[in-house]
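One structure is given here, and the rest of the page talks about it.
Just so you know, all these numbers are worked out from the coordinates, no wet-lab data involved. Note that the coordinates shown come from a computational prediction; the quantities given were computed from them, not determined experimentally. Because the Cβ atoms are built from the backbone with ideal geometry, glycine has one as well, and the counts that use them run over all protein chains shown.
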Amino acid sequence: MSMIRRLIQYLLFFSILIWVSGCSSDIPDQKEELTVIEEEVKQEERPEEEREDQQEMICVHVCGEVCNPGVYELEAGSRLYEAIEAAGGMTEKAAKDYLNQAEKAEDGQQIYVPSDEEVSWSDEQSASGDDLDDGKVNLNTASKEQLMTLSGIGEAKASAIISYREAHGGFQNIEELMQVEGIKEGVFQKVKDQIKV
């Protein structure tokens, strides 16, 4: 009886030993698998981290009273003054204190530097209570820069409008705009809702 009991104990002992050795042989494999998975995860994360470390770039359009108007590429988080510097700085006519140059530039932003004349005109119109709320450009009082904000009106046409109004004592109605050299009905149709006299 004791012999049978001993045999059972040996069998049990060897079974446990085999089972333990089998489990322990799996543990290194599992550790290796975990290590491989961790490395793969790290490799997947690394490019994103590297991309975050690299500075993103933004594009801004700097125009108005700057030396070299155009589209410039800047580092993300750049300020307006950096965009203006990239465009060669402000001209002598620029209203230097009009913009908050410490403001952050945004991708796709247009940064317009107005002239002192434009700012003065705007202030005068505000003081006189002129009808600015309609957002229309007055053909008889607008500066060249303001006329250039109209659809299809470039520098040459804006100069032509100013020459016409000086020669004819101003516009009597908006349709008279078609009398200006280089401005035909097609251009007038584009701007008729943006102008007034």
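For this structure, a couple of remarks:
- About its Cα centre, the dipole of segment 57-113 is roughly 140 debye, where the only charges are +1 on Lys and Arg Cβ and -1 on Asp and Glu Cβ.
- Put a dot 7 Å past the Cα of residue 63, heading toward its Cβ, do the same for residue 119, and the two dots end up 2.0 nm apart.
- Relative packing of peptides 136-148, 158-170 - highest average C-beta neighbours within 10 Å first: 136-148, 158-170
- Full extension of the segment from residue 9 to residue 141, taken as 0.36 nm per residue of separation minus the current Cα-Cα distance, would add 36.5 nm.
- Considering all different alpha carbon pairs of segment 57-113, the Kirkwood hydrodynamic radius works out to 10.8 Å.
- Under 5 Å from the amide H of residue 111 lie the amide H atoms of 61, 62, 63, each residue being 5 or more positions distant or on a separate chain, with H modelled from the backbone and absent for Pro and chain starts.
- A simple spin-label model places the labels of residue 149 and residue 92 2.6 nm from each other, with each point 7 Å out along Cα-to-Cβ.
- Between the listed residues 158, 138, 172, the Cα displaced farthest toward the positive end of the dipole of segment 130-196, a dipole computed from Cβ unit charges relative to the Cα centre, is found at 158.
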